[in-house]
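Peer 1: My questions all concern the structure below.
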Amino acid sequence: MNNRKALASEAVDPVVLTAIDWMVRLDNGHAPADVKAAFERWIAASDRHQQAWQEMTRALQPASQLQSAQHQSPAQLAVIREVLSAPPSPQRRRLLNGMALVLVGLGTAYLLKRSPTGMALTADIATSTAERKTVILADGSQLTLDAESAIDIHFSAGKRWLTLHAGACIVQVAADLARPFTVATPHGSVTALGTRFMVRRQPDRSLAVVLQHSVLLAAGPHQQVLSEGESAWFDSNGIAAAREDMRSYAAWEDGVLDVRNQSLGEVVDALRAYRKDYLRVSPAASKLRVFGVFQLDDPERSLRTLAQALPVRITHYGPWLTLIDNR
C-alpha cells in the first residue's frame, strides 16, 4: 500500500516545470531584453534553478555537445529545437539514448506514465494512458475508470471501500443496505446514498459529482449530503460546494471533454491522460478561458482545435514534450 501511495503522490518537480516555462518564454533566443534579464535573475537566485535548467537543456542536446556544455544560454534553444525536429540519424539515436536524463528531470511520474506496468502492478484496477475501463465488481456494482487512474477495492462483511489513488472513477452502485459503498481519497470520502456518482482525485483536493440520487461527503470534521446534480470540492480542511452544474465533468466516460468556461490549464490537465508525451502549458496561457467539446481519443486534433480557437501556439519537441504558450 505504501508503494501505491508514493506512486499516486509523485509529481513533476516544480522547479523543472519553471525551467520548461522559461524555455517557452525565451522563444529561440529572440525574447525581449526584460524577459532575458528576468531569466538570468531566476538562474542566479538558486543553485537548484541552474541545475534544473542544465538538466533540461543538456538532456535535449546530442551527446557530442554534452561534454562542453558548462552554462546554457537562451540562444542554445535553437540547437535543441533543431535536433528534436531532425529526421532519424545517428545523432538523433544518440539523443534518444540520452533522453533518460530529461525523464529524470521531468520526474518519476513521466517514467511511470511511459511504462506499461507502473500503476497496473500496484493497484487492484488501473488504466494506462488513453485507456478507459469498465468492470463489474463482486457485488454487482459497475466501476468505470478514466485514463491513468488507479483504485484499490476492499469488500468485507460490513463495508465496500474503494481507495482512489489517481485519476477519476464513476460508480453505479448496487444496493446493499448492510454494506455502505464508499470511495475514498486522501482528502475525504464519498459514500453512496443512491446509485451513481463520480470522484476525481487531484494533488491538493478531490471532486465529487452526483449523477443520480445522493451521496454523503465527508472531509475532515465536515460532512455534507449532495443530491443529484450537485458537486463539491473537498480536502482535509473542509468542503466547498460548487455553484455551477458540474455533471459535464463526467463526460469523459463517453470519450468527450465537455468544457464550459474552464481554464486552458484545466483542459490541458484532462488531455494529459490521453497523450504519451509530456504536455505543458505556460502560466500565462493556462489562464485563457475555453468553451467547446473535444474528443479525448483524438488529443492531437483537440490541440489543433484549441490552437485555432485561442491565441496560442503549440510546439512539439519530438515525441517527448509538447509546449503551449500565448502567441
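The values are calculated or read from the model by the stated rules, or taken from the named source; none is laboratory data. Everything numeric here is computed off the predicted structure, so don't read it as measured data.
Peer 1: Please determine, by comparing only the residues of the stretch 112-136 that are at negative phi and of a type in the set (Gly, Ala, Ser), which one is modelled with the lowest pLDDT.
Peer 2: In this case the residue turns out to be Ser115.
Peer 1: Kindly indicate the residue of the stretch 210-236 that is of a type in the set (D, E, K, R) and outside any strand (DSSP E or B) and also farthest from Tyr249 (Cα to Cα) among those meeting that condition.
Peer 2: Filtering first and then ranking leaves Glu228.
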